[in-house]
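The values are calculated or read from the model by the stated rules, or taken from the named source; none is laboratory data. Since this is a predicted model, take the numbers as computed values, not measurements. Quick reminder, even Gly has a Cβ in these numbers, built from the backbone with ideal geometry, and neighbours come from all protein chains shown.
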């Protein structure tokens, strides 16, 4: 199980790390232990952040430690903030959440220098790439995305090409997404 995007973002902020490399999880493990007194292994954190493929559900005690590390009383309290959205992104239309989309919807994103990708929503946070211009994503790739946020990098939790997992992908790493457009239904 991969943690929800907003919780990963909170972990990045609390740890001061981008959590892009497996070694970042070793540092996060030490920081969590230093602040909570409880050791969470780097391998567990890699799984939860999406740096290792594993669909096992973590123990409740692991989730409770993460909540405490982030300054919440318990996991339930931390999960309740998702209902309100992440205030860092605002409520002005700058964010499109996969959970708010319907199967078949299409969205086009652009990012610098001159890249554009069109996705079609399949459901359950999975999309298929319809087209890609100057992007490493190719038509037919299946991807897992929690949300699209204007001026923030697009975190693709996994890319599957021809049935093979290529791992995580980040688009617009420097400047973020330039535009997000829901396309009219065909």
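Which residues, counting only those in the range 4-50, are touching a helix residue (DSSP H, G or I) at 6+ places or on another chain (Cβ under 7 Å), in a loop (DSSP other than H, G, I, E, B) and over 18 Å from residue 169 (Cβ atoms)? Those that are touching a helix residue (DSSP H, G or I) at 6+ places or on another chain (Cβ under 7 Å), in a loop (DSSP other than H, G, I, E, B) and over 18 Å from residue 169 (Cβ atoms): 4, 17, 38, 39, 40, 41. Scanning the range 22-48 for residues that are closer than 15 Å to residue 69 by Cβ, within 18 Å of the chain's Cα centre (by Cα) and either surrounded by 21 or more Cβ atoms within 10 Å (Cβ to Cβ) or not assigned by TED's automatic domain parsing to the domain that holds residue 65 (or both) turns up 25, 28, 45, 48. Of all residues in the range 142-169, those being within 19 Å of residue 96 (Cβ to Cβ) and either modelled with pLDDT under 90 or assigned to a loop (DSSP other than H, G, I, E, B) (or both) number 7.
For the list (1) within 26 Å of residue 123 (Cβ to Cβ); (2) loosely packed, with under 12 Cβ neighbours inside 10 Å; (3) modelled with pLDDT under 90, I need the number of the one condition that residue 2 fails. All conditions are met except number (2). Summed over the range 104-137, the residues that are part of a loop (DSSP other than H, G, I, E, B) and surrounded by 14 or more Cβ atoms within 10 Å (Cβ to Cβ) give a count of 4. When restricted to residues that are under 16 Å from residue 2 (Cβ atoms) and surrounded by 17 or more Cβ atoms within 10 Å (Cβ to Cβ), the range 143-167 contains 11. The single condition among (1) touching a strand residue (DSSP E or B) at 6+ places or on another chain (Cβ under 9 Å); (2) exposed (fewer than 12 other Cβ atoms within 10 Å of the Cβ) that residue 73 does not meet is (1). With the requirement that a residue be under 13 Å from the mean Cα position of the chain (by Cα) and on the phi > 0 side of the Ramachandran plot, what does the range 142-186 give you? Selection gives 167 alone.
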